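Just below is one structure, and these are the notes that go with it.
Derivation of every value follows stated rules applied to the coordinates shown; laboratory data play no part. Just so you know, these numbers come straight off a predicted model, no measurement behind them. As a convention, Cβ positions derive from the backbone with ideal geometry for all residues, glycine included, and neighbour counts pool all protein chains shown.
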Amino acid sequence: MKDKELIILFSLLAIIILSALFAPIIAPYNPYDADLTNKFAPAGIQHILGTDHLGRDVFSRIIYGTRMSLISVLATILIVLILSLIVGSIAGFRGGLFDSILMRICDVFLTFPTFILALFFIGVLGVGLINVIIAIALTHWAWYARIVRSIVLETKQKNYVTAAKCLGSSRFKIVLKHIMPKVLSQVIILATLDLGHMMLHVAGLSFLGLGVQAPTAEWGVMINDAAPYIREHPELMLYPGICIFITVAVFNSIGEKLKDKYEKTQDFNSNESEICVKN
Amino acid sequence: MCEKLISINNLSAGTENHQILHNISFDIKSGEIICLLGQSGSGKTMTALSILNMLPLNVIQTSGTILYNHTPFDESMRGSFISMIMQAPASCFDSVFTIGAQFKDILTSNNKEYSENKVCSILEKVELNNPKDILNSYPFQLSGGMLQRVMIAIALSLDSKVIIADEPTSDLDTAGQKEIIELILNLKKENKAVLMITHNLAVAKSCADKIAVMSNGRLVDFFDTHELSDKNRHEYTKKLIYANSMLCSSKWNIDLGEYNAEM
């Protein structure tokens, strides 16, 4: 691999994932151990990034926060993908009435701004991490379902799908073997582009006190905790903020890169098929 | 011997404002090769697709019935009773999977057992050397003619009673065409019915028992091959024969260039 940018991005991603995986080993302190005698300790040898208003080690909390962010975002994207793949492929493959009904439901979801719809769902479901994940998933699936449907519609016209059908392949098998690989390759790239966006959503809702609840080590919660002390200790808000920034930027840039690569191979493929047609 | 496998009765089909097929009726019997001739756009492929009940969404069968062994269509018939060798083989395979994987897929969908030895012997039967290499290669690594042969091999391995071949010789040179014709004649020996769609009168004449000629969505002529020179053939058939004899008689003297494929 020659792409230097991609190497840097992937090593950053590796650092993020590794710190989430090995949080208990990397973090020097328990992120929940409060020590009121040692609050707002300055950054130094004992506490790399100092301590917060309850005397908890900020560095340890940030490392543990990575876990929360990654888990919540991955859970969200998983729910979104499953929901949209099912709905999108049924709508695209069956067509007709199914298609119309499912797509109108999507339209309803798409008309609301995502954040407001998420707030509504949290209002209904109650606060908490799982509810935030459900709310964000519910506000994002419709967009994906539409994309899945359009790819399915495009792919099912392809000659090899007709050929498989002529030779007796079942519908389920055609969807699974011939259509899903096409859909997944594109949808996964879109999902990586969206990961950062969703992470901001989770952190934002946690900051508002609607998502992850107070003692948990999570970046949004940490920013919220540090907010009252912004005059004396602005760095306490800065650290988790920078973490969110870097993670979101890494996810977005990787998504962009993958998209570029994919589009290049697409061009290549379409050239190839043109040549085939000419022959 | 001559079991009526498919009988088409007064088949008409079309889009909302344009009729494509007009009252087509003929029977396909076992051990018989029927060639469907006609110019591009005359409805040959549409006829084949309606036999498979696979018409495009905007085309509707407006009248007529097709009976398969005296029963109406059932989706499980595709593959097991009737299979199709498609036009343009380059686009008929999914470029994501190897030929072997797709071969296996189609066999298992039809509840047939997949064994590499059996498949290899079938591939050898269609004159593909190194069948193992072919099973491991991807569609874009093979030429059009090779893919065409793989398609025929798949149709053979399904062992269905009726095989519809949509221009199986179009991607091949003359030597290849002859081999494919021989393969199709072998099918006849196995008492299968073949409906072959072609532009090529020479191909039709060399293998068909019956020739059906289509023009503008109508079945204008249907006759036994030996009656080809009969006086009361339809105008369009005569035109075809005339054009073909023109091309054939001069083939030793001049280089026909790109018309070679048309003959």
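Quick rundown of the values:
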{"item": "Antiparallel bridge percentage (DSSP; both residues within the protein assembly as shown; nearest 5)", "result": "50 percent"}
{"item": "Among A:69-75, B:220-226, the order from most to least packed when residues are scored by Cβ within 10 Å on average", "result": "A:69-75, B:220-226"}
{"item": "Among the listed pairs A:K173/A:K259; B:K132/B:K192; A:K177/B:K161; A:K156/A:K177; A:K173/A:K264; B:K132/B:K161, those beyond 18 Å (Cα-Cα)", "result": "A:K173/A:K259; B:K132/B:K192; A:K177/B:K161; A:K173/A:K264; B:K132/B:K161"}
{"item": "Test item: B:46-52 mean partner chain Cβ contacts at 10 Å", "result": "1"}
{"item": "Furthest towards positive pole of dipole, A:W219, A:I90, A:S69, structure part chain A, Cβ charges", "result": "A:I90"}
{"item": "For A:184-192, mean number of other protein chain Cβ atoms within 10 Å", "result": "0"}
{"item": "Those GluC sites (Glu not before Pro) in segment B:129-206 that DSSP places in a loop and that have at most 15 other beta carbons within 10 Å", "result": "B:E190"}
{"item": "Residues A:L6, B:L21, sorted so that the one with the fewest Cβ neighbours within 10 Å comes first", "result": "A:L6, B:L21"}
{"item": "Reach of B:K4 by Cα under 14 Å, taken over aspartates and glutamates that are not fewer than 8 positions away in the same chain", "result": "B:D27, B:E32"}
{"item": "Within the protein assembly as shown: Cβ-based charge dipole about Cα centre, in debye rounded to nearest 20 (Lys, Arg +1; Asp, Glu -1)", "result": "700 debye"}
{"item": "Net charge dipole size for chain B [Lys, Arg +1 and Asp, Glu -1 on Cβ; Debye, nearest 20]", "result": "440 debye"}
{"item": "Over segment B:1-118, relative contact order from alpha-carbon pairs under 8 Å, at least 6 apart, %", "result": "26 percent"}
{"item": "Mean Cα-pair separation over length for segment A:66-220, i.e. relative contact order, pairs under 8 Å, 6 or more apart, %", "result": "35 percent"}
{"item": "Percent of beta bridges antiparallel (DSSP, chain B, rounded to nearest 5)", "result": "50 percent"}
{"item": "Filtered GluC sites (Glu not before Pro), segment A:161-246: DSSP coil and at most 10 other beta carbons within 10 Å", "result": "A:E232"}
{"item": "Relative contact order (percent, whole number), segment B:137-215, Cα cutoff 8 Å, 6+ residue spacing", "result": "31 percent"}
{"item": "Shielding by other protein chains, B:82-90, mean Cβ within 10 Å", "result": "4"}
{"item": "Residue among B:G31, A:I254, B:V194 farthest towards the positive dipole end of the protein assembly as shown, charges placed on Cβ", "result": "B:G31"}
{"item": "Ordering of B:76-82, A:11-17 by burial proxy (mean other Cβ atoms within 10 Å per residue, highest first)", "result": "B:76-82, A:11-17"}
{"item": "Student exercise, chain A dipole from Lys, Arg, Asp, Glu Cβ charges, in Debye to nearest 20", "result": "1320 debye"}
{"item": "Loop-exposed trypsin sites (Lys or Arg not before Pro) per DSSP, neighbour cap 13 Cβ within 10 angstrom, longest uninterrupted part of chain A", "result": "A:3-230"}
